[in-house]
Amino acid sequence: MKNTINWKAFFILLIACVLTALMVIPFSLALTATEVEITPLMLILTAAQNLVIFAIVIFFGLLLSKQIGMGLPILKNVLEGKNQAKEIKSILMPSIILGLVAGILIVLLALLFNIPELNNSELSISPWKALLASFYGGIGEEVLLRLFLVSLFVWITFKIKKNKDGMPTNFGVWLSIFLSAIVFGLGHLPATAQIVPLTGIIVLRAVILNGVGGIIFGWLYWKKGLESAMIAHFSADIVLHIITPFIMVSFLS
């Protein structure tokens, strides 16, 4: 068990995920207009719940990603004492740009669906709450959806069919990315249901909008590592939760 996963990476990710799960609370309450006071007990219970969930998710995510040749290459090398400044620089701008592209595409698609209750749902949310929530998107959701779920799906396809090099097939990886993107979209429905009644169009909107990001982040995870997907997801959330509401409020005022 000692050498099963990188335990330093495990605890770094676990702490980051639990912290960001707490950071998203103000945004979530504001988005659903929930009149609940944030108390120490709420924070303790939320932290405990996420500690258990993320401990399981991160353990298996690291375990499976190691077997299929994915994971967090930069964090792994940093923990081994290797200088990763060049590698970080090489992924930073491409990840930010693709994240911004993902955010813009999602905004444009949301306008096409033209559901005012959802398009305007974040206009009154304070930017600081949106910023805190963006860290959860970039860290917590990427650990759940890419490190764990994509790795799980890829591992399953890998057990069914390998390429000539004994690695997952491109088809298997793409299938896994698409499946996780669909799950990513469906995972947003509980929050959406607190704003508008769920209909076929609302479900389709959630899958398509979030699927766009899921596919881009999944590709980055595959080709560049989870760090790249995290940067892109955070950048997309800045577009969605801070820049777009700011522009809309400025336009409407």
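The values are calculated or read from the model by the stated rules, or taken from the named source; none is laboratory data. What you are looking at is a predicted structure, and each value in this text was computed from that prediction instead of being measured. We place every Cβ from the backbone using ideal geometry, glycine too, and count neighbours over all the protein chains shown.
Checked against (1) of a type outside the set (S, T, N, Q); (2) more than 20 Å from G218 (Cβ to Cβ); (3) in contact with a Pro (Cβ under 7 Å, 6 or more places away or on another chain); (4) crowded, with 16+ Cβ neighbours inside 10 Å, L123 meets all criteria but (4).
The C-beta contact set for region 15-26 (first residue closer than 18 Å to E122 by Cβ, second residue part of a helix (DSSP H, G or I) and modelled with pLDDT under 95, distance under 7 angstrom, 6+ apart or interchain) is empty.
Taking the numbered list (1) surrounded by fewer than 18 Cβ atoms within 10 Å (Cβ to Cβ); (2) without any contact (Cβ under 8 Å) to a residue 24 or more places away in the chain in turn, M167 passes all entries but (2).
For T34, the conditions (1) under 21 Å from I195 (Cβ atoms); (2) surrounded by fewer than 17 Cβ atoms within 10 Å (Cβ to Cβ); (3) within 18 Å of the chain's Cα centre (by Cα) are fulfilled apart from (3). Reported count of residues in region 177-207, each being closer than 22 Å to S124 by Cα, assigned to a loop (DSSP other than H, G, I, E, B) and either touching a helix residue (DSSP H, G or I) at 6+ places or on another chain (Cβ under 7 Å) or among the hydrophobic types (A, V, I, L, M, F, W, C) (or both), is 3.
Of a type in the set (V, I, T), at pLDDT 95 or above and either surrounded by fewer than 16 Cβ atoms within 10 Å (Cβ to Cβ) or under 30 Å from S250 (Cβ atoms) (or both), is that true of I53?
On the way: of a type in the set (V, I, T): yes; at pLDDT 95 or above: yes; either surrounded by fewer than 16 Cβ atoms within 10 Å (Cβ to Cβ) or under 30 Å from S250 (Cβ atoms) (or both): yes.
Against the criterion (of a type in the set (V, I, T), at pLDDT 95 or above and either surrounded by fewer than 16 Cβ atoms within 10 Å (Cβ to Cβ) or under 30 Å from S250 (Cβ atoms) (or both)), I53 qualifies.
Identification of helices (runs of 4 or more DSSP H) wholly contained in region 30-145 with 1 or more residues that are over 18 Å from I12 (Cα atoms) yields 40-68, 85-113, 116-119, 127-135. Among the residues of region 10-27, not a single one is modelled with pLDDT of 95 or more, surrounded by fewer than 17 Cβ atoms within 10 Å (Cβ to Cβ), of a type in the set (F, W, Y) and touching a Leu at 6+ places or on another chain (Cβ under 8 Å).
Return a yes/no flag: does region 83-91 have any residue that is buried (at least 16 other Cβ atoms within 10 Å of the Cβ), over 21 Å from H233 (Cβ atoms) and either without any contact (Cβ under 8 Å) to a residue 24 or more places away in the chain or over 20 Å from the mean Cα position of the chain (by Cα) (or both). Quick ask: steps written out before the conclusion?
Taking region 83-91 and keeping what is buried (at least 16 other Cβ atoms within 10 Å of the Cβ), we get 84, 87, 91.
This time we only want the ones that are over 21 Å from H233 (Cβ atoms), so: none.
Within region 83-91, none of the residues are buried (at least 16 other Cβ atoms within 10 Å of the Cβ), over 21 Å from H233 (Cβ atoms) and either without any contact (Cβ under 8 Å) to a residue 24 or more places away in the chain or over 20 Å from the mean Cα position of the chain (by Cα) (or both).
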